[in-house]
1. Restricting to segment 37-51, give me the number of residues that are in a loop (DSSP other than H, G, I, E, B) and open to solvent by less than 50 Å² (accessible area, probe 1.4 Å).
2. Filter segment 60-100 down to residues that are touching a residue at least 40 places away in the same chain (Cβ under 8 Å) and hydroxyl-bearing (Ser, Thr, Tyr), then give me how many there are.
Amino acid sequence: MARPLFLLALLATALAATSTLGRRGGLLGGWSPVPDVNDAHVQELGGWAVAQHPSLANDGLLFRRVTRGEQQVVSGMNYRLLVVAADGSGKSVIYLAQIYEHWSGTRKLTSFKPAAGG
């Protein structure tokens, strides 16, 4: 009888450990700051987000840089990035881009809108 209880406790411990740690060390389901917004992957995600939004890309919006971001470990990674882009006149505009990136590398732009106060 003690063996099934031991196995159950071992399973519970393993599940607790795997459910709290994500691929990049974040808390599963919780948002945390992007450790390095200057990372090439993060900057590339920002440029990709600008290019994916057809009405803005067609208006001549050009990606400049990601200035800040948060990430959330799910069955991949959600990102909330503050993206600076230049409009057709060259004026900087700040957008909030939300991107889902699956572990396989597939991506989806889930939201792209002007940042509040930006």
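The values are calculated or read from the model by the stated rules, or taken from the named source; none is laboratory data. Since the model is a prediction, treat every value here as computed from it, not as a measurement. Note that each Cβ is placed from the backbone with ideal geometry, even for glycine, and that neighbours are counted across all protein chains shown. These area figures cover heavy atoms from the full protein model, side chains too; ligands, DNA and RNA do not enter into them. Shrake-Rupley method; radii C 1.70, N 1.55, O 1.52, S 1.80 Å.
1. Final tally of qualifying residues: 1.
2. Total meeting the criteria: 2.
Results for (1) modelled with pLDDT under 95; (2) in contact with a Leu (Cβ under 7 Å, 6 or more places away or on another chain); (3) surrounded by 13 or more Cβ atoms within 10 Å (Cβ to Cβ); (4) not in a strand (DSSP E or B), shown as yes or no for each residue.
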| position | (1), (2), (3), (4) |
| --- | --- |
| 64 | no, no, yes, no |
| 67 | no, yes, yes, no |
| 78 | no, no, yes, no |
| 81 | no, yes, yes, no |
| 88 | yes, no, no, yes |
| 93 | yes, no, yes, no |
| 99 | no, yes, yes, no |
| 113 | yes, yes, no, no |
| 116 | yes, no, no, yes |
